[in-house]
Amino acid sequence: MRWLLALSALVGMLASCGYTLVGAPPDTPGKRLPLAIVPFTNHTREPDLERLTTVALRQAILHSQFFSSASEGASARRLQGAIRGFSSSPLSFDQNDNVLQYRIEANMHIRLVETSTQRPMLEQDISASAEYLVSRGTTDRVREDVVAREAALARLAQQFADKCLALLTIALL
């Protein structure tokens, strides 16, 4: 019984403090702006980067207090983007000149368009980066390096999504 009372008190406090639940319907108090996210295009040789960035951005929008995800036809604003550049460069080496650490960087261009007029409301270049360590002396080194690179790509996509969400918040609110 105590747990139920404590839980209801906590829910009451959160509701009265202006917090909103993640994934709450768009008509909840503190109405969020609907935003359509068009899948990004990839102009680089790095496979799957457009999917990673689009997914990270959509997740950031879903968790946002200010925006909600909407379909293209249901939203007054559409966000589209292109990944224009990608690079991977070694950062550190061991005594035998074997790479120990890499830095990956990507340059993206976003464009926020008002659906009714097709006029851009915001155009911005955003860069993101991440670093990862290369495995040394393990029996399954190649697999560990691939896993480390994929984790770095996910961090890069998340960094981009965070920067993009901050820009959208400033531009639209």
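Bear in mind these aren't lab numbers, they're just calculated from the coordinates by the rules spelled out. Because the structure is predicted, anything quoted here is derived from the model rather than measured. Cβ coordinates were reconstructed from backbone atoms using ideal geometry, including for glycine residues, and neighbour counts include every protein chain displayed.
If you go through region 83-102 one residue at a time, do you hit one that is out of contact with any Ser or Thr (no Cβ under 7 Å at 6 or more places or on another chain) and buried (at least 17 other Cβ atoms within 10 Å of the Cβ)?
No, there is no match, as no residue in region 83-102 is out of contact with any Ser or Thr (no Cβ under 7 Å at 6 or more places or on another chain) and buried (at least 17 other Cβ atoms within 10 Å of the Cβ).
If L153 satisfies all but one of (1) over 15 Å from L57 (Cα atoms); (2) of a type in the set (A, V, I, L, M); (3) within 19 Å of the chain's Cα centre (by Cα); (4) in a helix (DSSP H, G or I), what's the number of the condition it fails?
With respect to (1) over 15 Å from L57 (Cα atoms); (2) of a type in the set (A, V, I, L, M); (3) within 19 Å of the chain's Cα centre (by Cα); (4) in a helix (DSSP H, G or I), L153 is out only on (1).
Restricting attention to region 104-119, which residues are closer than 24 Å to F160 by Cα and either crowded, with 16+ Cβ neighbours inside 10 Å or among the β-branched types (V, I, T) (or both)?
I104, A106, N107, M108, H109, I110, L112, V113, T115
Kindly list, by first and then second residue, each pair from a residue in region 92-114 that is farther than 30 Å from G73 by Cβ to a residue that is surrounded by 15 or more Cβ atoms within 10 Å (Cβ to Cβ) and aromatic (F, W, Y), limited to pairs with Cβ atoms under 6 Å and residues at least 6 apart or on different chains.
From region 92-114, the pairs are Y102/Y132.
Which condition number in (1) among the aliphatic types (A, V, I, L, M); (2) farther than 17 Å from P47 by Cα; (3) touching a Ser or Thr at 6+ places or on another chain (Cβ under 7 Å) is the one that M121 fails?
Of everything listed in (1) among the aliphatic types (A, V, I, L, M); (2) farther than 17 Å from P47 by Cα; (3) touching a Ser or Thr at 6+ places or on another chain (Cβ under 7 Å), M121 misses just condition (3).
Can L122 be described as touching a residue at least 24 places away in the same chain (Cβ under 8 Å), out of contact with any Phe, Trp or Tyr (no Cβ under 7 Å at 6 or more places or on another chain) and within 30 Å of L173 (Cβ to Cβ)?
Against the criterion (touching a residue at least 24 places away in the same chain (Cβ under 8 Å), out of contact with any Phe, Trp or Tyr (no Cβ under 7 Å at 6 or more places or on another chain) and within 30 Å of L173 (Cβ to Cβ)), L122 qualifies.
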